[in-house]
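Colleague: Supplied in structure tokens, the structure appears directly below.
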Amino acid sequence: MSHSSMLKARRQHQKTKKRLEVEAKREKRLAKQALAGPVVFHILQRPLIERLAGVELDLDPEVAVTEIAHHWLRAMRTEAP
């Protein structure tokens, strides 16, 4: 393998590595948003639902957030269940 082809292969490897790092960072950010979104939505909408519907939700907010986190962890699992 010539020196120039080795350099070309190395540059290509570095580009690929950088692209994978950027994609991994984006995926981590989206995963965090996938957890935070439903939690924030539940916390903000709960008083509105109780007021508009005229019912008191009997689910403890901490239990609700724990359940949301449980579903998020199950969805983020990489191996087969």
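The values are calculated or read from the model by the stated rules, or taken from the named source; none is laboratory data. Treat the numbers as computed from the prediction; the structure is a model and nothing was measured. Here Cβ is always computed from backbone atoms with ideal geometry, including for glycine, and neighbour counts include all displayed protein chains.
Colleague: Within segment 23-79, track down each residue that is of a type in the set (F, W, Y) and touching a helix residue (DSSP H, G or I) at 6+ places or on another chain (Cβ under 7 Å).
Modeller: If the condition is that a residue be of a type in the set (F, W, Y) and touching a helix residue (DSSP H, G or I) at 6+ places or on another chain (Cβ under 7 Å), then W72 is the only one that fits.
Colleague: While we're looking at this one, here's another question. For segment 33-81, what are the residues that are among the polar types (S, T, N, Q) and either touching a Ser or Thr at 6+ places or on another chain (Cβ under 9 Å) or not in a helix (DSSP H, G or I) (or both)?
Modeller: Result: T78, single match.
Colleague: While we're looking at this one, here's another question. When you check V22 against the structure, is it within 17 Å of the chain's Cα centre (by Cα) and part of a helix (DSSP H, G or I), yes or no? Spell out how you get there, then give the answer.
Modeller: Values: within 17 Å of the chain's Cα centre (by Cα): yes; part of a helix (DSSP H, G or I): yes.
It is true that V22 is within 17 Å of the chain's Cα centre (by Cα) and part of a helix (DSSP H, G or I).
Colleague: Being surrounded by fewer than 10 Cβ atoms within 10 Å (Cβ to Cβ) and at pLDDT 90 or above: is that true of E62 here?
Modeller: In short, yes.
Colleague: Further question: With respect to Q12, is the statement that it is of a type in the set (S, T, N, Q), in a helix (DSSP H, G or I) and within 22 Å of T66 (Cβ to Cβ) true? Step through it out loud before you land on a result.
Modeller: Working: of a type in the set (S, T, N, Q): yes; in a helix (DSSP H, G or I): yes; within 22 Å of T66 (Cβ to Cβ): no.
No; evaluated as a whole, the condition is false for this residue.
Colleague: Mind counting the residues in segment 3-42 that are without any contact (Cβ under 8 Å) to a residue 40 or more places away in the chain and either of a type in the set (K, R) or under 15 Å from L73 (Cα atoms) (or both)?
Modeller: 20
Colleague: Now for a separate question. Run down R46, R77 and say which single residue is at pLDDT below 90 and in contact with a Leu (Cβ under 7 Å, 6 or more places away or on another chain). Talk me through it step by step, then tell me what you get.
Modeller: On the way: R77 fails: in contact with a Leu (Cβ under 7 Å, 6 or more places away or on another chain).
The conditions single out R46.
Colleague: Looking at (1) modelled with pLDDT under 90; (2) in contact with a His (Cβ under 9 Å, 6 or more places away or on another chain), which is the only condition L57 fails?
Modeller: Among (1) modelled with pLDDT under 90; (2) in contact with a His (Cβ under 9 Å, 6 or more places away or on another chain), L57 violates only (2).
Colleague: Outside any helix (DSSP H, G or I) and farther than 25 Å from A69 by Cβ, is that true of M6?
Modeller: When the stated conditions are applied, M6 does not pass them.
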